[in-house]
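Enquirer: If you scroll down you'll find the structure; I have some questions about it.
The values are calculated or read from the model by the stated rules, or taken from the named source; none is laboratory data. All values reported here derive from a predicted model rather than from experimental measurement. Cβ coordinates were reconstructed from backbone atoms using ideal geometry, including for glycine residues, and neighbour counts include every protein chain displayed. For accessibility, only protein heavy atoms count, side chains too; no ligands or nucleic acids. Shrake-Rupley method; radii C 1.70, N 1.55, O 1.52, S 1.80 Å.
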Amino acid sequence: MNQPTLTSEAQQPPGPPGQLDMSALMAFMQRFVGDVSAAGVVVMCALGSRLGLFADLARSGPATAGELARRTGNHERYVREWALALASAGYLTRDAEDRYALPPGPAAALGDENGPFYMGDMARLVPALSAVLDGVIEGFRTGSGLHPEEYPAELFETVWHKDANRLGKVLVPQWVVAVDGLTEQLTVGGRVAQVHCGDGRALILLAQAFPKLQLVGYDPVEINIRRARAEAAAAGVAERIRFSTADPAEDLDGGLALVLAIDVLHEAPDPAALLRRIHDSLQSHGVFLLLATNGEDVPLAGAGPVSSMLYAISTLQHVPQGLAAGAADPAGLMGLPPALLHRLCEEAGFTSVEKLMEPSPFNTLYELRA
């Protein structure tokens, strides 16, 4: 079936002639229809990830809607409509026998949850964040914020899954080894801290790789702390990791060999104060590993799909949570661009701020030393 196309044959809106460029209007309307369609596709991808539909197609191969429903324990009528939506979008293929298949590209990005190219977690963020839309609207009107506990469990579970999939591949084998002398320092032992540690995945990985370390993780969200303690116990390292809901800007002790902040500095109510405390907590040869969002020194200088996605996530999550945490003007997801970040780090006392790598299009990893 041919896709409908908007045309300029629509009635000219009322108003003085010449005020509205109808061709520009039609072009925008066509683009907007595409954006709405893309939003629907993302939600379908979130369903496919949560329900195991993509994983099954990648693992077991093509199937009719009925076969896919039976293989995954889902209802056939829902599965058929879902498959038609994604086949229409080109994410799935459909043959003459009504069998749906996941092509190699989508299979790598959506079907292999443990693979290096998996992006299903990004799709799952959309419905999780949309669930708090009423609270965000209230915030627009009153300036109120949203506490993390007001967000659905799916948001935290998605972040946990993302960290489990990502950090095991990069933290020790790539990030730690990229810092001169850090592997040797951690092997000898010492104390490590992480701010906003989530489910503790990074600390657990470090504890497993370096048995002489003592570690502490801070996170203001109780659901994260409960999960972190359970995961550390399951991994057999709970006796060497302490998890706390205390504010690291007030609780961090001195003499630390390593401090981690993985894509969370912008969440601090006062990033400058936290940076000063981290600086003061490091031992003389200590290292601060900072993964920061690639913000824009000049707003909209990098305008495009990635930028608009990050600003949208920030509107729904990071600004509301920052206001709830007491920040007068939260940084937001994009609010610590490189120039500002370097200035804040220098003002905190760091003498070295070295860019190590860009692990993704969204982030830069820095090594900082006192």
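Enquirer: Across the range 248-259, what is the total count of residues that are in contact with a Leu (Cβ under 9 Å, 6 or more places away or on another chain) and surrounded by fewer than 19 Cβ atoms within 10 Å (Cβ to Cβ)?
Expert: 2
Enquirer: Examine the range 306-324 for a residue that is farther than 19 Å from Met122 by Cβ, open to solvent by 10 Å² or more (accessible area, probe 1.4 Å) and outside any helix (DSSP H, G or I), and state whether such a residue exists.
Expert: Looking through the range 306-324, none of the residues is farther than 19 Å from Met122 by Cβ, open to solvent by 10 Å² or more (accessible area, probe 1.4 Å) and outside any helix (DSSP H, G or I).
Enquirer: Let me confirm something: among Ala131, Ala123, Ala89, Ala153, which residue is within 30 Å of Asp219 (Cα to Cα), in contact with a Ser or Thr (Cβ under 9 Å, 6 or more places away or on another chain) and among the small types (Gly, Ala, Ser)?
Expert: Step by step, each of Ala131, Ala123, Ala89, Ala153 is checked, and only Ala123 is within 30 Å of Asp219 (Cα to Cα), in contact with a Ser or Thr (Cβ under 9 Å, 6 or more places away or on another chain) and among the small types (Gly, Ala, Ser).
Enquirer: Collect the residues in the range 175-202 that are of a type in the set (S, T, N, Q) and out of contact with any Phe, Trp or Tyr (no Cβ under 8 Å at 6 or more places or on another chain), keeping them in residue-number order.
Expert: Thr183, Gln185
Enquirer: Hey, another quick one. Only residues that are closer than 20 Å to Val170 by Cα and exposed (fewer than 14 other Cβ atoms within 10 Å of the Cβ): list them for the range 336-356, please.
Expert: Glu354, Lys355
Enquirer: Look through Leu129, Leu133 and report the one residue that is open to solvent by less than 30 Å² (accessible area, probe 1.4 Å) and either modelled with pLDDT of 95 or more or over 21 Å from Val43 (Cα atoms) (or both).
Expert: Exactly one residue qualifies, and that residue is Leu129.
Enquirer: Considering only residues that are of a type in the set (A, V, I, L, M) and either surrounded by fewer than 19 Cβ atoms within 10 Å (Cβ to Cβ) or more than 22 Å from Gly115 (Cβ to Cβ) (or both), which ones fall in the range 39-82?
Expert: Result: Ala39, Val41, Val42, Val43, Leu51, Ala65, Ala69, Val79.
Enquirer: Just for the range 276-289: of the residues that are open to solvent by less than 20 Å² (accessible area, probe 1.4 Å) and in contact with an Asp or Glu (Cβ under 8 Å, 6 or more places away or on another chain), which one is farthest from Ser352 (Cα to Cα)?
Expert: Once the filter is applied, the top-ranked residue is Ser281.
Enquirer: Sticking with this one: Restricting the range 236-247 to residues that are within 15 Å of Arg191 (Cα to Cα) and touching a strand residue (DSSP E or B) at 6+ places or on another chain (Cβ under 9 Å), which is surrounded by the fewest Cβ atoms within 10 Å (Cβ to Cβ)?
Expert: Applying the filter and picking the extreme gives Arg242.
Enquirer: Of the residues that sit in the range 173-182 and are open to solvent by less than 40 Å² (accessible area, probe 1.4 Å) and assigned to a helix (DSSP H, G or I), which one is farthest from Phe117 (Cα to Cα)?
Expert: Leu182
Enquirer: I need the full set of residues from the range 150-166 which are surrounded by fewer than 16 Cβ atoms within 10 Å (Cβ to Cβ) and of a type outside the set (A, V, I, L, M), in order please.
Expert: Hits for the range 150-166 are Glu150, Pro152.
Enquirer: Return only the number of the condition from (1) in contact (Cβ under 8 Å) with a residue 40 or more places away in the chain; (2) of a type in the set (Gly, Ala, Ser); (3) more than 20 Å from Ala348 (Cα to Cα) that Gly286 does not satisfy.
Expert: Only one criterion is unmet by Gly286, namely (3).
Enquirer: Evaluate the range 286-300: report whether one residue or more is closer than 19 Å to Arg201 by Cα and not in a strand (DSSP E or B).
Expert: No, the range 286-300 has no match at all.
Okay, residues lined up against (1) open to solvent by 20 Å² or more (accessible area, probe 1.4 Å); (2) over 25 Å from Ser352 (Cβ atoms); (3) among the aliphatic types (A, V, I, L, M); (4) assigned to a helix (DSSP H, G or I):
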| residue | (1), (2), (3), (4) |
| --- | --- |
| Gly168 | yes, yes, no, yes |
| Leu186 | no, no, yes, yes |
| Val192 | no, no, yes, no |
| Ala202 | no, no, yes, yes |
| Ala207 | no, yes, yes, yes |
| Asn224 | no, yes, no, yes |
| Arg229 | yes, yes, no, yes |
| Ala234 | yes, yes, yes, yes |
